[in-house]
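Working notes, beginning with the structure itself.
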Amino acid sequence: MNKTYQNIQSKTKFNVPNDWLQIKTIDMHTGGEPLRVIIDGFPELKGNSVLEYRRYCKEHYDHLRTALMFEPRGHADMYGCILLPPNDIEGDFGILFLHNEGYSTMCGHAIIAISTLAVQMNWIDAKEGDNMIKIDAPCGRITSYAHVKHGKVTGVRFHCVPSFVVGLDRTIEVEGLGKITYDLAYGGAFYAYVDMAKNTFDFNLDENSYRKLIDNGMKIKHAVMKADKEIQHPFESDLSFLYGTIFIDNNKQPSGADSKNVCIFAEGEVDRCPTGSGVSGRMAIHKARKEIDYGKTMTIESITGSKFKGSIISEEDYGSFKAVIPQVEGTAHITGMQTFVIDTNDPMKDGFILR
């Protein structure tokens with residue numbers, strides 16, 4: 001047998017130089033949307049809450065976010081998270097979300113994935129049936145329930161933070177699109193919700209419109225950011241920004257789903273799943289329009305055909321808003337386990353993006 005090939009088979013251990021950083025991750029997906037869970041090797045973040053960890057990471061280690069999310073280790077639509085201490089002893093752990101633009105305040109698909117992983121990695125003492133996990137996100141505490149049957153996670157549902165409507169049927173002029181009608185709502189993050197039936201577009205919500213969805217979603221996002229002065233969280237200024245545009249088809253889908261979502265968020269990322277925080281905001285919108293009530297469930301489909309179920313648990317006053325506590329349900333799966341290395345001499349060590 002060829003000696004080189006014999007060496008390939010026998011000499012597989014790589015001795016990492018001391019000046020290289022090693023970061024271990026577990027990769028997952030929820031409805032097709034990726035999640036790179038950073039479990040070891042990331043430098044310690046300083047602070048006393050997830051929001052403080054978020055600020056510290058942005059100020060000191062943003063190059064590691066780009067290294068792990070951007071090419072060549074990731075791609076333009078990559079998503080990740082870092083696990084952190086909870087805000088208080090009542091919580092199980094904290095979570096910081098990463099993407100191509102920065103650090104989001106809430107991510108439902110990540111909550112579903114990390115709750116699944118917490119059971120599969122024995123981070124919690126799981127039992128048959130529902131297992132409650134208290135997760136501190138930048139937007140607040142999320143309570144999730146990982147359902148276990150015969151020792152395996154069959155699905156996760158979570159209760160989001162108070163979600164509310166800022167305004168319905170607002171209009172804005174967008175260059176190249178004309179007058180656009182949108183709803184502004186919050187489900188852990190602010191979104192401009194654009195109903196396809198109330199607007200005239202030359203694209204649909206299928207994957208063949210992928211590029212047009214990005215281009216027009218970003219046009220609408222930037223126009224709303226510039227013109228709408230009510231993108232204000234009632235308690236935290238760090239949460240007061242528009243995260244994305246969500247295009248909605250409210251028609252019954254061929255799959256049987258009640259509706260379809262495509263979310264364009266961050267710097268033109270396309271969510272492969274129905275967007276957990278987006279569904280949370282939608283529950284507030286549908287409740288305000290009397291289109292959903294307690295005991296009812298809405299199934300929302302994504303661009304990949306994956307589905308989340310949304311419903312309403314309760315209502316409460318939240319600052320000046322009448323908010324709902326939404327419940328979102330979905331499933332997640334592990335796709336791989338990696339040890340990434342950051343070579344200090346690599347000119348592309350901090351990553352790059354080509355779309």
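Summary table
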| item | result |
| --- | --- |
| Qualifying residue in region 44-55 (condition: out of contact with any helix residue (DSSP H, G or I) (no Cβ under 9 Å at 6 or more places or on another chain), in contact (Cβ under 8 Å) with a residue 60 or more places away in the chain, assigned by TED's automatic domain parsing to the domain that holds S115 and within 15 Å of L96 (Cα to Cα)) | yes |
| Hey, T275 closer than 18 Å to F158 by Cβ, surrounded by 16 or more Cβ atoms within 10 Å (Cβ to Cβ), in the same structural domain as N204 (by TED's automatic domain parsing) and not aromatic (F, W, Y) or not | yes |
| Scan of region 35-55 for residues that are surrounded by fewer than 21 Cβ atoms within 10 Å (Cβ to Cβ) and within 15 Å of S115 (Cα to Cα), ordered by number | I38, I39 |
| Residue in region 102-124 that is farther than 25 Å from G32 by Cβ and either in a strand (DSSP E or B) or not β-branched (V, I, T) (or both) present | yes |
| Hits in region 310-355 - residues which are within 23 Å of the chain's Cα centre (by Cα) and acidic (D, E) | E329, D350 |
| Of residues in region 111-135 being surrounded by 23 or more Cβ atoms within 10 Å (Cβ to Cβ) and touching a His at 6+ places or on another chain (Cβ under 8 Å), the one nearest to V161 (Cα to Cα) | A113 |
| Counted residues, region 56-65 - those being touching a residue at least 40 places away in the same chain (Cβ under 8 Å) and buried (at least 19 other Cβ atoms within 10 Å of the Cβ) | 2 |
| The listed residue being modelled with pLDDT under 95 and either at positive phi or among the hydroxyl-bearing types (S, T, Y) (or both), out of G188, G176 | G176 |
| I8 modelled with pLDDT of 95 or more and not in a loop (DSSP other than H, G, I, E, B) | no |
| Selection within region 76-86 - outside any strand (DSSP E or B) and touching a helix residue (DSSP H, G or I) at 6+ places or on another chain (Cβ under 6 Å) | M78 |
| Candidate set from region 152-197 (those that are out of contact with any helix residue (DSSP H, G or I) (no Cβ under 9 Å at 6 or more places or on another chain) and farther than 30 Å from D317 by Cβ); member that is surrounded by the most Cβ atoms within 10 Å (Cβ to Cβ) | M196 |
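The values are calculated or read from the model by the stated rules, or taken from the named source; none is laboratory data. Since we're looking at a predicted model, the values are computed, not measured. Counting neighbours? That spans all protein chains shown, and the Cβs are built from the backbone with ideal geometry, glycine included.
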